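Report on the structure given below.
Every number in this text was worked out from the coordinates using simple rules, so none of it is lab data. Predicted model, so just to flag it, every value in this text is computed and none were measured. For neighbour counting, all protein chains shown are included, and Cβ atoms are generated from backbone atoms with ideal geometry for every residue, glycine included.
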Amino acid sequence: MAEVKKITLTTKVLMGMGLGILVGLAFNLLGLNSEGSFVNMYIVNGLFFTIGQMFVTGLKMLVVPLVFFSLVTGVLGIGDVRALGKVGGKSFALYMLTTAIAIALGISIAVTVGIGEGVKMSSEVAFSAKEAPALSAVLLDIIPSNIVNAMALGKMLQIIFFSILVGISILMVGKKAEPVVKLLEISNEIMMKMVNIVMAVAPYAVFALLAKAISDLGLNLLVDLAGYVGVLIFALLFHLFVTLMIVLKVFSGMNPFTFLKKMREVQIFAFSTSSSNATIPVTLRSVIDKLGVKNSVASFTVPFGATINMDGTAIMQGVATVFIANAYGVELGMVGYLTVILMSVLASIGTAGVPGVGLIMLSMVFSQVGLPIEGIGLILGVDRLLDMIRTAVNVSGDAVVSVVVAKSESALDVNVYNDPDAGLSEEEDITIEESAEQALAEVVTQTHNRD
Ligand code: ASP
């Protein structure tokens, strides 16, 4: 029997986040987390670290099978290869467009404020550059030479490519493939239930993740680079609350406030894990169950977005470029900034949404425009905390594009979108009904007896 629960999972997660930040701050400010102390060894790096990592690992465990099953069933759900092409084309164009807007916004705000001028450079922290992959290499990398390997390494674009191909091939086989379709659909449902199981511990895990991150890092290091941090956070919030919401309203007509309210949980996960990839299960579930995007669109746009769309990261690259260029007294000029925009957009295609990847992308951009790579050392210290915020913006961009594409493809359930309670009971559902248990046990017994 489903009892009425007063506190929803989202509220619990919010509480976990608030408490985690408070405890982390307390540990940090009181100096309890000093190297070798009891709190440091057993609480922060023992208890909090283990609980947090178990959860993040649990989420990562779900990503590959979830993307595979949901995307294959998604392709089957569309059932029309041309429609699939349209979803792909539109989401790719929107992802690139929003990323380009994001980085242009970052650059404009940073140039207007003039950040980095008069900053003293300290290049003590070495940072080695990564070469930006050539476009041909990025394209070639979409096709897996070995799908088991691709899945083992979590290569998202390769998994997406293979899953779409499986879906299309099943459609080609037609009616004969019905049992396989059933199996895949049920497997997808099973994976979604698994998301619920992992999510049940989310409030505690979010608490642990944030308590550890904040007690390790503290907030005072943000003060040292207050100019950079302030401008970056302003640009990130502006993009989230203004640019993305305008894109949502103009292209889909849907209410931005409803969107933001329903995305809160996903944003907290992105914030706590600093990884769009690990957040995929939560994003996928929220986009489908709460925002009403059909699986046929969401199963593609969400993992695709987690890989190629990083608005928050792009903003960081824009702001960081201006900051470091000014700090080193390098004049980039219009052509330089345009190159930065182009390079960042390209770099975002080939890099997955995992913690800290933004800095690696930044080093690719720097080596293209000739900015000193060691300049990245200036912002290295504060990046871990800023990564949390920009990842929340990254996943929000993925969800906006999912809604826009779904609306244009008539794959958005407007009633679900507008229903404030949509998806809430689903998210708490980790019960096993007794009757179901018995029925399945009987099936198993019968099969055994037959043998
Ligand atoms: N952590 C970000 C993400 O997963 C990427 C980055 O900016 O480093 O989306």
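A few remarks follow.
- Summary of packing: across the peptides 90-97, 269-276, the per-residue average of other C-beta atoms within 10 Å ranks them, highest first, as 269-276, 90-97.
- Among 313-321, 284-292, 410-418, 235-243, sorting by the average number of other beta carbon atoms lying within 10 angstrom of each residue, highest first, gives 313-321, 284-292, 235-243, 410-418.
- Using the Karplus relation 6.51 cos²θ - 1.76 cosθ + 1.60 with θ = phi - 60°, the per-residue 3J(HN,Hα) values for the stretch 318-331 come to x, 5, 5, 4, 5, 4, 6, 4, 5, 4, 9, x, 9, 8 Hz, with x marking Gly and Pro.
- Peptides 186-195, 136-145 ranked from most to least packed, by the mean per-residue count of other Cβ atoms within 10 Å: 186-195, 136-145.
- The Cβ shell under 11 Å around M263 holds other residues with a net charge of +2, Lys and Arg each +1, Asp and Glu each -1.
- Integer Hz, Karplus 6.51/-1.76/1.60 couplings in order for the stretch 188-196, x for Gly and Pro: 4, 5, 4, 4, 5, 5, 5, 4, 4
- Once the Cα-Cα distance is subtracted from the 0.36 nm per residue extended length, the A200 to L32 segment shows a gain of 57.5 nm.
- When only alpha carbons are used to place a centre, the stretch 401-442 and the stretch 156-235 end up 17 Å from one another.
- Taking amide hydrogens as placed 1.01 Å from N in the peptide plane, the amide H of L225 sits under 5 Å from that of no residue at least 5 positions away in sequence or on another chain.
- For I7 and V242, a Förster radius of 30 Å and the Cβ-Cβ distance give a FRET efficiency of 0.40, rounded to the nearest 0.05.
- Taking the fewest neighbouring Cβ atoms within 10 Å as the starting point, the ordered list for T447, T8, T98, T283 is T447, T8, T98, T283.
- Global geometry of the stretch 187-295, whether rounded, prolate or oblate, following the gyration tensor of its Cα atoms and the 1.5 cut on a/c: oblate
- Ranked list, fewest to most other Cβ atoms within 10 Å of each Cβ, for E433, E374: E433, E374
- Using the Karplus relation 6.51 cos²θ - 1.76 cosθ + 1.60 with θ = phi - 60°, the per-residue 3J(HN,Hα) values for the stretch 395-411 come to 5, 5, x, 4, 6, 4, 5, 4, 5, 4, 5, 4, 4, 6, 9, 6, 10 Hz, with x marking Gly and Pro.
- Cross-link pairs beyond the 28 Å C-alpha cut-off, checked among K12/K407; K212/K290; K155/K193; K182/K294: K12/K407; K212/K290
- Proxy reagent accessibility, fewest Cβ within 10 Å first, across S367, S435, S344: S435, S367, S344
- Taking all Cα pairs closer than 8 Å and separated by 6 or more residues, the relative contact order of the chain comes to 30 percent.
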